[in-house]
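All remarks here apply to the structure that follows.
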């Protein structure tokens, strides 16, 4: 599917911005109960060298992993990644990093 598909169906784009400090697993997008997330765009800025992985639902369904160098920003071309889990969050898991390690910007829809 494309972004236009969701726009034509009347869904409103949603933006999420999250700061992740230290090695951690945190929810970066928790949809409204009964909805699923469709991720259409992301950018990740890293202050220090490290790895960040993204998972749907409970952290068992990884859909992306990136290794970033210090002071880098990436904007991967992901198309549309749709969760198959109703009410399932998107989690990010980081490995070694310190304060203000990552800034994650996500765009997508809740359907």
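The numbers here are math on the coordinates, done by the rules we state, and not lab data. Everything numeric in this text was worked out from a predicted model, so none of it was measured. Neighbour counts run over all protein chains shown; Cβ positions are idealised from the backbone, glycine included.
List of remarks:
- Choice from 33, 92, 46 with maximal GNM fluctuation in the chain (Cα, 10 Å cutoff): 33
- Distance between the pseudo-spin-label points of residue 8 and residue 81 (7 Å out from Cα toward the beta carbon): 2.5 nm.
- Separation in nanometres of the label points that stand 7 Å from Cα toward Cβ, at residue 18 and residue 107: 1.9 nm
- Over the chain, DSSP H runs of length four or greater, each weighted -39,500 (n - 2.57), average out per residue to a 222 nm ellipticity of -1000 deg cm²/dmol.
- Highest GNM mean-square fluctuation among 54, 91, 63, for the chain modelled with Cα contacts below 10 Å: 63.
- Estimated FRET transfer efficiency (residue 35, residue 69; beta-carbon r; R0 25 Å; 0.05): 0.10
- Of 37, 81, 28, the residue with the greatest mean-square motion in the GNM of the chain, using alpha carbon springs below 10 Å, is 81.
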